[in-house]
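Down below is the structure, laid out as structure tokens.
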């Protein structure tokens, strides 16, 4: 089928209301396969259309009702994505068709933007992770989207291709057809289906169910063994000091991207001449979910350099640095004696505006006259 034939199919759907009620074809030839639906849950879809998508997914799943479902047969999964991908139904979650259909029906609509590239990476790294996939199972994904990705797709598409996933796409309404042709498995004419509106998704059921069944019945596609290419990571960044004190400073930062296992904060005094005093440097190791730290035991009226690094399983990432000075020790004012006794004195003073930890009163001994 060439590109013009795809448009002819769309036109026939638009003009024929009866096509909307078409039925999925029963699949009886598949034995072991993993079928995942990757759904663009951006704001452009909306809750009503999301409901139509759930019905579309359910009808495709029902086409496997004559097959064994679960670890020994066909497994189903659903991942939705907007700003971030979210695995709503993992391949290992359910072992009956009824359980899967109930879980699909209960999926909520959340909305967001369309980061298809991030979703494709998530598909490879999490949905079809090495701990989940089965060596004898075909890996099939049906992408459903109505727009264009807001992030890059070239790297993720290559990762999907190398991982042996057969990827179909259902483009609805304003979906970017040129982008989808890059995303789907070759030849794109056999893996890309288009619909003018969500209400016409039902018209695609015979075709998509037949193609998914055919792919699920085939042996798994080969996995290309590549040297792992590290994903680009960003940050941490925007390191700033937000609380100033005479013995403490609080720093905060925008978290780094990627598989962060922790952060390393270096605190270094700066001499009056502007040199880093490395001999007095402190290293503070933090957990990966931390983005703020109150650094204590600092010297008043001293300039400090703060450098934050992201720690990854196999490397130390980029850093960000900021400098700040601690405040002078707060001064008390109006120190006075307000009550005299034979063996005691009551003292009073005006408290400093800055927060302090306590007071220390010195009483020097005086020689008796």
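Brief remarks follow.
- Gain upon complete extension [residue 218, residue 178; 0.36 nm per residue less C-alpha separation]: 11.7 nm
- For segment 3-217, DSSP calls about 15 percent of its internal beta bridges antiparallel.
- Summary value for segment 233-369: 24 percent relative contact order, contacts being C-alpha pairs under 8 angstrom separated by 6+ residues.
- Taking the chain as a Gaussian network of alpha-carbon nodes connected by springs under 10 Å, the highest mean-square fluctuation of the residues 255, 313, 47 belongs to 313.
- From helices alone, the chain scores -6500 deg cm²/dmol at 222 nm; the rule is -39500 (n - 2.57) for each run of n ≥ 4 DSSP H residues, then divide by the residue total.
- In degrees, nearest ten, helix 46-62 long axis to first principal axis of the chain (Cα): 50 degrees
- Proxy reagent accessibility, fewest Cβ within 10 Å first, across 62, 273: 273, 62
- If R0 equals 22 Å, the separation of the Cβ atoms of residue 95 and residue 65 corresponds to a calculated FRET efficiency of about 0.95.
- Segment 173-211 and segment 256-295 have Cα centres lying 50 Å from one another.
- Shape analysis of segment 131-175 places it in the oblate category; the axes a ≥ b ≥ c from the Cα gyration tensor give an a/c of at least 1.5, with a/b not above b/c.
- Matching label, Cα extents along the principal axes in Å computed from the structure shown, candidates (1) 77, 58, 46; (2) 60, 54, 46; (3) 114, 44, 40: (3)
- Residues 240, 322, sorted so that the one with the fewest Cβ neighbours within 10 Å comes first: 240, 322
- Cβ-based exposure ranking for 242, 57, 361, in which fewest neighbours within 10 Å come first: 361, 242, 57
- Rounded FRET efficiency, nearest 0.05, which uses the C-beta distance separating residue 271 from residue 243 and R0 of 22 Å: 0.40
- For segment 3-217, alpha-carbon Rg relative to the globular expectation (2.2 N^0.38 Å, N residues): 0.93
- Given R0 = 41 Å, the distance between the Cβ atoms of residue 362 and residue 291 translates into a calculated FRET efficiency of 0.50.
- Among 311, 60, 31, residue whose mean-square fluctuation peaks in a GNM of the chain (springs only between Cα atoms under 10 Å): 311
- Simple spin-label estimate for residue 48 and residue 86 gives 2.3 nm between the two label positions (7 Å along the Cα-to-Cβ direction from each Cα).
- Within the chain, percent of DSSP bridges classed antiparallel, to nearest 5: 60 percent
Readers should treat all values here as calculations from the given coordinates under stated rules, not as data from a laboratory. As the structure is a prediction and not an experimental result, all values here were calculated from the model. Counting neighbours? That spans all protein chains shown, and the Cβs are built from the backbone with ideal geometry, glycine included.
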